[in-house]
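Sending over a structure as structure tokens; questions will come in a sec.
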Amino acid sequence: MGKNLIKIITFLLIAFFVLSACCHKPPPPISQTELDDLRAKVEQYEAQVGTQNAEIEALQMELQQKKVELQNLQDYEQQLKDDGFLGEE
């Protein structure tokens with residue numbers, strides 16, 4: 001009885017997967033209009049990303065300049081302290 005039950009369940013599973021594979025319908029094709037719309041959106045997003053990347057690069061350059069300015073001011077402050085013009089805080 002147990003072996004027959006296993007055979008029946010196995011047969012039903014195999015039949016299910018075979019029928020699922022045979023009856024599967026591919027998605028409908030995309031129309032040219034939809035494809036053109038998607039391409040336009042991709043181009044728009046690429047342009048936005050390009051603009052944002054340029055802004056990021058400009059901000060990184062500005063940050064680097066500010067770091068250099070800060071370091072120069074810290075060096076100048078240390079020089080003034082070393083020369084005795086500023087007291088230790």
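No value in this document is a laboratory result; all are computed from the given coordinates. Predicted, not measured: the structure shown is a model, and the values here were computed from it. Reconstructed Cβ throughout: ideal geometry from the backbone, glycine too, with neighbour counts over all protein chains shown.
Using r as the Cβ-Cβ distance of Q71 and E46, and R0 as 35 Å, what FRET efficiency do you calculate, to the nearest 0.05? Write down the numbers at each step before the final one.
Values: r = 37 Å, r/R0 = 1.07.
After rounding, the FRET efficiency stands at 0.40.
Run the paramagnetic zone check for C22: 7 angstrom along Cα to Cβ, then residues of the stretch 1-15 with backbone nitrogen under 17 Å.
11-15
Let me ask something else. Mean-square fluctuation check for the chain, GNM, Cα pairs under 10 Å: which of L38, L12, L59 is largest?
Taking springs between Cα atoms under 10 Å, the residue moving most is L12.
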